[in-house]
Structures are given as structure tokens and as C-alpha cells.
Amino acid sequence: MGRPNDELAQDNFSTVRVGLLGCGNVGCALVSLIDAESEAIAERTGVRLAITRIAVRDLAKRRSVPEIASRLTDDPMSVVEDEEIDLIVELIGGIEPAESLIEAALREGKSVVSANKDLLASRGTKLHDLAASAGRDLLYEAAVGGAIPLVRALSVSLAGERVHRVMGIVNGTTNYILTRMSESSASYEEALIEAIKLGFAEADPTADVEGYDAAAKTAIMASIAFNADITAHDVYCRGITEIVVADIDFASRRGYVIKLLAVAERFVEGEDESILVRVHPAMIRKSHPLASVHGAFNAVFIEGEHAGELMLYGRGAGGSATASAVLGDLVEAARGLQRVTTFEQPARRHVQIRPIDQLSSTYCITIEAKDRTGVMAEVADVFGSQGVSIRSMEQTDSYSEARMVFITHLARESDVQATLHGLEKLDSVVRLGGLLRVVGDEDE
Ligand code: HSE
């Protein structure tokens, strides 16, 4: 156990007093970590951190952290405005009151550490500008990829690099669900309940399974990688709710796994530059490094002009892993209190967002159709009429319906969407499965 916070040590380490806003899964893990290890952290970093005040919504709620009661308040603004507090950690999530509290903290001259992906993915540029004009840090490593030092890699280590593409798995909950569905044939519902129990999922897991959480993280990664004003609204987003065990089995037989993939990509055509940001389920070749990212782990590939390919891998969700990323930011912000910032970040650029229609990919399309003479010809005709070339087809039968799974050659998204519309109109087509884009094939 570290020393209680009211007996702050008198030694060579300066003590930095931290006000915490929000004490859920990650917040409790952070308090436990700092309370237990403040001595060791001070030895390692030269900074003694002490969480001295904690704002929560419900004072009566039972929490797993010992010795917390005397530090609690239900008035977050009083923590932000407390002159004894040096740094603010915002772990409330959502837009309000988090945004007003962060703005107030920066105006008070306090650096802020946040894990709030929704806020950063919608108001990131505005908050960055505010932090820059206040001369304070706004750090948010924990907003993307849990414990993985991804924000720092993109914004510091690769700051001078021309990044072409950032691609990866950035949602632990969906990766856990898809892994469980493929390894143990657990149903989607069973696997989701497990992910919630393990503390991976968002307060509303719809954000995970519909891809919104990954879309927010993709917007944040893209904004940093391309120094551009990109928000979650710019991200094409599809979740995993339509994926069934039969899709996973098909993919496995053909040498693929299914993952929720996040991609931020830069296109340059002559003078024109555009950014395509997307989140959707993808069929990934088993030989591709992203295919072996299992459970709640995340991994991100970064492709830079000179650095080539980098892959960062680690725990993408869970209180303890995410608290570790918050701790890293806190140490950086605490060290920043002792130096004068002379460097100003360049303003984020306004860039053109490339519509998903212009994507070129290989696709996997699943159709459930009436099993009767001529259906295959009708279906194939729709593909042909849109110029989408079929690379392979597998048909499995039941008594009255056929499940046909097509993999295409390289095709344009707009043509594939037109194909899906054409298929939907056929009397013989009973249901269309979720569209999968294929990654890791030679023509991809
Ligand atoms: N719900 C998120 C996930 C937590 O599953 O990845 C980390 O942001």
C-alpha cells in the first residue's frame, strides 16, 4: 500500500495533486493503482502523484477502492476550480458535462488527461485549440487502444512521418465476441454478456457492437496521423450485429477470420488529397498479423513513407489496462508542470473526406435464396450487370433455401452496393447477409 494521500511525503519528489472526475471501472482502477504504487511511481518518474479529490455522480454507490470516502464529492466543478489541484483527469465519458469541465480546467490553467473518445472524436479540434491557447496539455492516450501507446506513437514518435494508412482492431468487446464465436461457437448474445461481465464493454454496449466506439477511435487516430479535423461523423461505420456463426465457419474454411476492422487511409491524386475513414467487419487472411489478435486485445498497423509498416499490440479494454494509459499521460502532464511550453502545435487541417463508394476492395457477399431452378443464373446476372467479377462461390443447402457465399475479384464499392440492391429486388433472394470486405489477399 502507498501512503495515504493526506500524509503526502516530504522528500525530493514534488507532489502533484490530481482531481479525478468520474470513478467507474477505469477510475477505480486508476485510484487503486496510484494509491498502491505512488512510491514506486515517484521512484520511476520523479513525480509523486496523489489523487486528492474525486467527483462522482452518486455518492452512495459502493466502490471497490478502499479509503475513498473522504475524497468524494458530487460537485465536479468544485474539483476543477480547487486551487490545490494541479491536474484534472476526466473519466466521465460522453459530451456533457465532460466538455464544459475540461474547458473550465484548461481555462483555469490545468492540464487535462481524458479517456473520452466520444468527446475527442467530435470536439477534438476545438479542445486542442483551447489547450494550445491556454498553454496546457490535453492528453488522451487511454481514449484509443487501451494500454497501447498509440496516440503517443502517432503524435510524437511518428510526428514527422508521412503516414499513408492506419489500420487495425480497436474495439476489445467486438474482438472478444468474434473470438469466442469462432473458438467455442458461443452465440453472439452469450459472448456479449461475457464481455460486459469482464468490464470490456461501454456503459451502453450498442456503441461497441454497432461500431460507434471504433468509429470514434478511428476519427481520433486519423486526426492525429493526418493532422486533420476528422470527426466520428466522417467515418463510414458498420458493426458486427449481422455476423452469424455460419459466416465465421465459412471464413475459417476458406482461410480467413472475421474481425471488426478500422481503417484510416490517405489518397493523393495529383493535387487532390482525400481521407477515407471506415469501420466494418472484414474477412482477414489467417496469415495476416491482424488475424492472430484475439480476445479483448487490440492491434494497429501504421504505414509510413519512411518508417514502413509498424504494428502496435496490447490490451485494448479493461479497467486496469486503460488506467495504465491514463497513468502515463498523468506522468507526462505532471512533468509538463515543471517546464515552459514554447512550442505550438500547428492547427489541424481541413481535409476532403473520400466517400466509401470510392473504395476498391475484394468482397464477400452472402445470400440466402430459394433453392429452385435458375436462381444461380439470376443471381450471377446481377453481379455481371454491375461489372462485379466473381472469384469463388460456395453453396450449402437446406431443404428449401440455399446459402450462397460469393467472393469477388477486386471491385468498386459503388458497384458492389448496386449489386446488393439488385439482389435484394430478386424474388428468389430471401435474405442478404452482412457485407464483408476482404483483407490480406493478393489482389486486395
Ligand atoms: N468498450 C471499449 C472496447 C473499451 O471494448 O474496446 C475501450 O475503449
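The values are calculated or read from the model by the stated rules, or taken from the named source; none is laboratory data. It should be emphasised that the depicted structure is a prediction, and the values quoted were computed from it without experimental measurement. Using ideal geometry, Cβ is built from the backbone for each residue, glycine included, and neighbour counts are taken over all protein chains shown. SASA here: full protein model, heavy atoms, side chains in, ligands and nucleic acids out. Shrake-Rupley method; radii C 1.70, N 1.55, O 1.52, S 1.80 Å.
Measuring with a 1.4 angstrom probe and ignoring ligands and nucleic acids, D249 comes out at about 70 Å² accessible. Here's the list of lysines a cross-link from K259 could span, going by alpha-carbon distance under 30 Å and ignoring same-chain residues fewer than 8 apart: K117, K197, K217, K286, K370, K425. Protein heavy-atom surface of the chain, 1.4 angstrom probe: 48% of the accessible area is carbon and sulfur, with nucleic acids and ligands not counted. Projecting label points 7 angstrom from Cα along Cα→Cβ for A60 and K126 puts them 3.5 nm apart. Counted over the chain, the DSSP beta bridges are approximately 65% antiparallel. What is the local net charge at I102, summed over the other residues whose Cβ is closer than 15 Å to its Cβ (Lys, Arg +1; Asp, Glu -1)? Residues near I102 contribute -4 overall. Between the listed residues I95, L33, V18, the Cα displaced farthest toward the positive end of the dipole of the chain, a dipole computed from Cβ unit charges relative to the Cα centre, is found at L33.
Given R0 = 45 Å, the distance between the Cβ atoms of R107 and E424 translates into a calculated FRET efficiency of 0.30.
Could you give the nm distance between label points at E84 and D272, where each point is 7 Å from its Cα heading toward the beta carbon? The two pseudo-label positions are separated by 6.0 nm. The charge dipole of the chain, taken about its Cα centre with unit charges on the Cβ atoms of Lys, Arg (+1), Asp and Glu (-1) only, comes to about 480 debye. Starting from the Cα of R162, move 7 Å in the Cα-to-Cβ direction to define the label point; list residues of the stretch 294-329 whose amide nitrogen is under 20 Å from there. Answer for this model: 302-310. Taking the longest Cα principal axis of the chain as reference, the axis of helix 188-197 is set at about 10 degrees.
Whole-percent P(r), the stretch 236-330, all Cα pairs, 10 Å bins from 0: 13, 34, 35, 16, 2.
Peptides 32-39, 287-294, 264-271 ordered by packing proxy, namely the average of other Cβ atoms within 10 Å per residue, highest first: 32-39, 287-294, 264-271. Over all pairs of distinct alpha carbons, what does the Kirkwood formula give as the hydrodynamic radius of the stretch 291-416, in Å? For the stretch 291-416, inverting the mean 1/r across all distinct Cα pairs yields 20.4 Å. Think of a 1.4 Å ball rolled over the protein heavy atoms: the chain then has 44 Å² of accessible area per residue.
Classify the stretch 180-264 as rounded, prolate or oblate, taking a ≥ b ≥ c as the square roots of the eigenvalues of its Cα gyration tensor: rounded when a/c is under 1.5, otherwise prolate if a/b is larger than b/c and oblate if not. Oblate is the answer for the stretch 180-264, as a/c is 1.5 or above yet b/c matches or exceeds a/b. For F200, the solvent-accessible surface with a 1.4 Å probe is about 40 Å², rounded to the nearest 10.
Overall, the stretch 356-439 carries a charge dipole of about 140 debye about its Cα centre when +1 sits on the Cβ of Lys and Arg and -1 on the Cβ of Asp and Glu, all other atoms neutral.
Computed with the Debye formula from one identical point scatterer per Cα of the stretch 356-439, without solvent, the log10 of I(q)/I(0) at q = 0.14 Å⁻¹ comes to -0.41. For the chain, the longest principal axis of the alpha carbon atoms and the long axis of helix 212-225 meet at an angle near 70°. Cβ-Cβ distance of M311 and A69, R₀ of 35 Å, FRET efficiency by 1/(1 + (r/R0)^6): the value works out to about 0.20.
Dipole of the stretch 356-439 computed with +1 at Lys/Arg Cβ and -1 at Asp/Glu Cβ about the Cα centre; of Q386, A369, S414, farthest Cα towards the positive end is S414.
How much accessible area does C23 have with a 1.4 Å probe, in Å² rounded to the nearest 10? Taking all protein chains as shown, C23 has close to 10 Å². Just need log10 I(q)/I(0) for the stretch 50-168 at q = 0.14, 0.15, 0.19 Å⁻¹, Debye formula, equal scatterers on the alpha-carbon atoms, no solvent, rounded to two decimals. Result of the Debye calculation: -0.66, -0.75, -1.10. Working from the Cα coordinates of the stretch 143-300, the gyration tensor eigenvalues give, after taking √(5λ), semi-axes of 28, 17, 14 Å in decreasing order. Computed over Cα pairs, the Kirkwood radius of the stretch 117-209 leads via Stokes-Einstein (0.692 mPa s, 37 °C) to a diffusion coefficient of 210 µm² per second. Per-residue ellipticity at 222 nm, computed for the chain from helices alone with -39500 (n - 2.57) per DSSP H run of at least four residues, works out to -10000 deg cm²/dmol.
Counted over the chain with a bin width of 10 Å, the fraction of Cα pairs per bin, in whole percents, is 4, 20, 28, 23, 14, 7, 3, 1, 0.
Subtracting the Cα-Cα distance of D381 and R44 from their residue separation scaled by 0.36 nm leaves 114.7 nm.
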